[in-house]
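Every number in this text was worked out from the coordinates using simple rules, so none of it is lab data. Note that the coordinates shown come from a computational prediction; the quantities given were computed from them, not determined experimentally. All Cβ positions, even for glycine, are placed from backbone atoms using ideal geometry, and neighbour counts span all protein chains on display.
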Amino acid sequence: MRHGKKVNHLGRKKAHRTAMLANMACSLIEHKRINTTVAKAKALKVFLEPIITKAKAANNQSVEKGTHNRRIAFKYLRDKNAVTELFSTVADKVADRPGGYTRVIKLGNRLGDNADMALIELVDFNELYSNAKKAAKKSTRRGKAKSTNEASPAPKAEAAPKAEKTTNAADAESNSNEDHAADAKA
């Protein structure tokens, strides 16, 4: 039974586990995504999300509380550069997100020892998901309203000379290629 077991020990003593999670959190903040095992990714999510919440809250508070939250984050992360990156870049990106700053994506099993692997990433830094939602435009099945009759013939009149220029350019290119081939044979 697992009554009262709230921490996954990951097969390590406490000092080793906290050092490993601190290093993984710093790597995640620096690179925005890392590959690891599923168990470590879930433990890292529990470790890092409250720290990101403190960084987000520090940006909205006064200087004294911001300094206090920086010191708390430094206590867990133990890396000055990671704390700076967290409180500047990451906190600005997650300012409007109410939680759930990380995403764990399962990748399958590792070849060497068949361990379940996962990709853990910061949600707001994945351009594929965020740009797809912003770029998606709501389409309708209705046709666009046609403008006046004078405006519609004008684009057709301009389209014909462009087509002629394209064919003339293609003919000129093929003629120049034939000329170069004739010169090469001679």
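Below are the figures for this structure:
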quantity	calculated
Student exercise, the stretch 14-127 dipole from Lys, Arg, Asp, Glu Cβ charges, in Debye to nearest 20	420 debye
The stretch 14-127: relative contact order as a whole-number percent, Cα under 8 Å and 6+ apart	35 percent
Among the listed pairs Lys65/Lys93; Lys56/Lys80; Lys6/Lys93; Lys32/Lys75; Lys6/Lys56, those beyond 24 Å (Cα-Cα)	Lys6/Lys93; Lys6/Lys56
Sorted by Cβ neighbour density within 10 Å, fewest at the top, the residues Arg142, Arg70	Arg142, Arg70
For Leu107, distant residues with modelled amide H under 5 Å away	Met117, Ala118, Leu119
